[in-house]
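Heads up, the thing below is written out as structure tokens.
None of the figures in this text is laboratory data; all of them are computed from the coordinates on show. Predicted model only: the values in this text are computed from it and were never measured.
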Amino acid sequence: MRKVIALVVGLLLLPPSVPAAGAREAVLDSTRRKTEAIPTGTLIEVRLNNNQKLRGRRGEVSQDSFILAGALPAQSSQAVPGETASDQKIAFTDVRSVNQVRVHTARNVLIGVGIGIGILMVISAILVHTTRLG
């Protein structure tokens, strides 16, 4: 009886097996649809199954893969000397997630305009103050 209980407990403690082929196909199809929904040329970040992150622009999408144009490691959004950006064909089976990178252009422009207005106000206050004294 102890052997049977030990066997049952041992089986319950085993990690789940590899997902069934149907579940794997559903995940691949979901990743493919998400990638296709992102417009061509959009900056994306791809996380691979080996935990590597790549950034680049979404290129052509086929049934089993897609092109990541100008692919660079995600940590370096700009080119590093000696490291060249290249187009990579990435299989959907190697992809854990695909996300569109948000670019905050409008926010950055408004911050710059605000700083510029602040500087102009300080300069004009200094000019008004010095002309009254002189």
Gain upon complete extension [ARG96, LEU28; 0.36 nm per residue less C-alpha separation]: 23.5 nm
Lysines whose Cα lies under 18 Å from that of LYS89, excluding same-chain neighbours fewer than 8 positions away: LYS34, LYS53
